[in-house]
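*Asks:* Supplied in structure tokens, the structure appears directly below.
The values are calculated or read from the model by the stated rules, or taken from the named source; none is laboratory data. This is a predicted model, so every value here is computed, not measured. Every residue, glycine as well, gets a Cβ built from its backbone with ideal geometry; the counts of neighbours run over all protein chains shown.
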Amino acid sequence: VTTDLSLPLDTDRLHHDAHEAVEALGRPGSRSLLPTPALLCDVDVLESNLAQMASLAAGSGTVLRPHAKTHKSAFIARRQLAHGAVGISCATASEASAVVDRMLTDGWTGPLSVLVTSPVTGAAGSRRVAALARRCNLLVAVDHPDGVDELASAVGGGTLDVVCDVDVGLGRTGVTGPDGARAVVAHIARHHGLRFAGVQGYGGHLQHMAGRDERCRATESANNRLRSVIDALEAAGHQVGLRTGGGTGTSAIDIELGVLNELQPGSYAFMDREYRDALGDDLEVGFGQSLTVATTVVSANQDSFVTVDAGLKAMATDAGSPTVVGRHDGVAYHFFGDEHGLVTRGDGAPLRRGDRLDLVPPHCDPTVDRYDALWLVRGDTLVGLAAVDARGCSQ
Ligand SMILES: Cc1ncc(COP(=O)(O)O)c(C=O)c1O
């Protein structure tokens, strides 16, 4: 599957224990040298996921601006751009800064369009945005006239593209209807440095909805809410060029509905247990599980279970337990404290002290944020190492 994948080697933030593994990169069996817990990404599955989403969008009139909140990594952002994405989305200005800085340091010379999808609040946040706008083509979401004013004063003599965030049912951010949108857009028009680029409608409540029919119906009604705001803005004489939103669970449906002309899926690059449970085989495209957490059995003195070195600190815990890759024989993981997990022995191959297991994280985005490094693997071989450049950048 992989063709022009240039594998990064990035030892900046690497713990010294891992240098033995770095030296063994490319050597068969090198995966077993990794100190655990460690975050792993199967590069062939990753590439296949990126290619599948790209081909879903190709020729549909809907472009991709994948969300970097999932991977927080310049390396994967570059791969997504190589697969035809028009730019990237980032959750916050500091996340965007970290990814953009790394791309520029690594010599990126192509166009770099970045959308910050969360509305920015306050003077400091707006200054971060204004600084970022000098390093890339920046779009930023806004959902209140005061936010528009804050951005305008931070931008000073520069220019910035602004997107009106619309609540399509999630209720998290966004104007709640046409009146709010008209007020925001009218405010944008008052400022010389700001340009109204379009609307954002992200239906986070739809993404993990089980059952394709139900997800379809709910996505249609969310898109209708966005459509009514677009119609109201157009009736007021505003041109709504960009209609961005969507995620992994609704991408195919959003493309069919055609209200959005740009999609922001994030999790599809990695997938996770929560997405797999919710969507099962509903997804038209079979995104594979590329992300795992490698763990080691550190104690095996009990009859019914063993203890592994991946606990509450090794992955996000908001979405239940991870599953154990390749084990369907009663081997199940349970959290067992900060540094430990309990894995039931099941009735298959015996588990011994020192054995390695791979876990499918329950929720990919916040799991990735717990690691500095993403190890790239192909089978039992370590083939590269990418930094999680925007780790901890939630501001
Ligand atoms: C605004 C926005 N767009 C897109 C996404 C990507 O969604 P997913 O990871 O489900 O593909 C998210 C995820 O939380 C988001 O907050």
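*Asks:* Which pairs have Cβ atoms under 8 Å, sit 6 or more apart or on different chains, and link a residue in region 39-60 that is among the hydroxyl-bearing types (Ser, Thr, Tyr) to one that is at pLDDT 95 or above and part of a helix (DSSP H, G or I)?
*Replies:* Ser60/Ile255
*Asks:* Let me ask something else. Residues in region 242-270 that are outside any loop (DSSP other than H, G, I, E, B), within 7 Å of the ligand (Cβ to nearest atom) and polar (S, T, N, Q): how many?
*Replies:* Adding up the residues that qualify gives 1.
*Asks:* Ok, one more. Sort through Val297, Val293, Val306, Val343 and tell me the only one that's assigned to a strand (DSSP E or B) and either within 15 Å of the ligand (Cβ to nearest atom) or within 20 Å of the chain's Cα centre (by Cα) (or both).
*Replies:* Values: Val297 fails: either within 15 Å of the ligand (Cβ to nearest atom) or within 20 Å of the chain's Cα centre (by Cα) (or both); Val306 fails: either within 15 Å of the ligand (Cβ to nearest atom) or within 20 Å of the chain's Cα centre (by Cα) (or both); Val343 fails: either within 15 Å of the ligand (Cβ to nearest atom) or within 20 Å of the chain's Cα centre (by Cα) (or both).
Within the list Val297, Val293, Val306, Val343, the selection yields Val293.
*Asks:* Could you please find all residues in region 346-379 being assigned to a strand (DSSP E or B) and over 26 Å from the mean Cα position of the chain (by Cα)?
*Replies:* Arg356
*Asks:* Looking at (1) within 16 Å of the ligand (Cβ to nearest atom); (2) without any contact (Cβ under 8 Å) to a residue 60 or more places away in the chain; (3) over 27 Å from Val163 (Cβ atoms); (4) touching a Phe, Trp or Tyr at 6+ places or on another chain (Cβ under 9 Å), which one does Thr317 not meet, given that it meets all the others?
*Replies:* Condition not satisfied by Thr317: (1).
*Asks:* Of all residues in region 216-259, count the ones that are surrounded by 14 or more Cβ atoms within 10 Å (Cβ to Cβ) and on the phi > 0 side of the Ramachandran plot.
*Replies:* So the count comes out to 2.
*Asks:* Which residue pairs have Cβ atoms under 6 Å apart, sit 6 or more places apart or on different chains, and have a first residue in region 114-134 that is closer than 16 Å to Thr159 by Cα and touching a residue at least 60 places away in the same chain (Cβ under 8 Å) and a second that is assigned to a strand (DSSP E or B) and within 16 Å of the ligand (Cβ to nearest atom)?
*Replies:* Qualifying pairs under 6 Å: Leu115/Ser89; Leu115/Leu139.
*Asks:* Considering only region 151-190, state which residues are closer than 17 Å to Thr121 by Cβ and part of a loop (DSSP other than H, G, I, E, B).
*Replies:* Asp167, Arg172, Thr173, Gly174 - these are the residues of region 151-190 that are closer than 17 Å to Thr121 by Cβ and part of a loop (DSSP other than H, G, I, E, B).
*Asks:* Look at region 174-215 and say how many of its residues are of a type outside the set (Ser, Thr, Tyr) and either more than 16 Å from the ligand (Cβ to nearest atom) or surrounded by fewer than 14 Cβ atoms within 10 Å (Cβ to Cβ) (or both).
*Replies:* Total meeting the criteria: 24.
*Asks:* In contact with a Ser or Thr (Cβ under 6 Å, 6 or more places away or on another chain), within 23 Å of Gly237 (Cβ to Cβ) and assigned to a loop (DSSP other than H, G, I, E, B) - does that describe any residue in region 142-150?
*Replies:* yes
*Asks:* Give just the number: which of (1) at pLDDT below 95; (2) closer than 26 Å to Gly87 by Cβ does Tyr268 not satisfy?
*Replies:* Answer for Tyr268: the failing condition is (1).
*Asks:* Cβ contacts < 8 Å: first residue under 16 Å from Asp165 (Cβ atoms), restricted to region 225-241; second residue of a type in the set (Asp, Glu) and in a helix (DSSP H, G or I), any location; separation 6+ or different chain. Result?
*Replies:* Pairs that qualify, where the first residue is under 16 Å from Asp165 (Cβ atoms) and the partner is of a type in the set (Asp, Glu) and in a helix (DSSP H, G or I), are Val240/Glu234.
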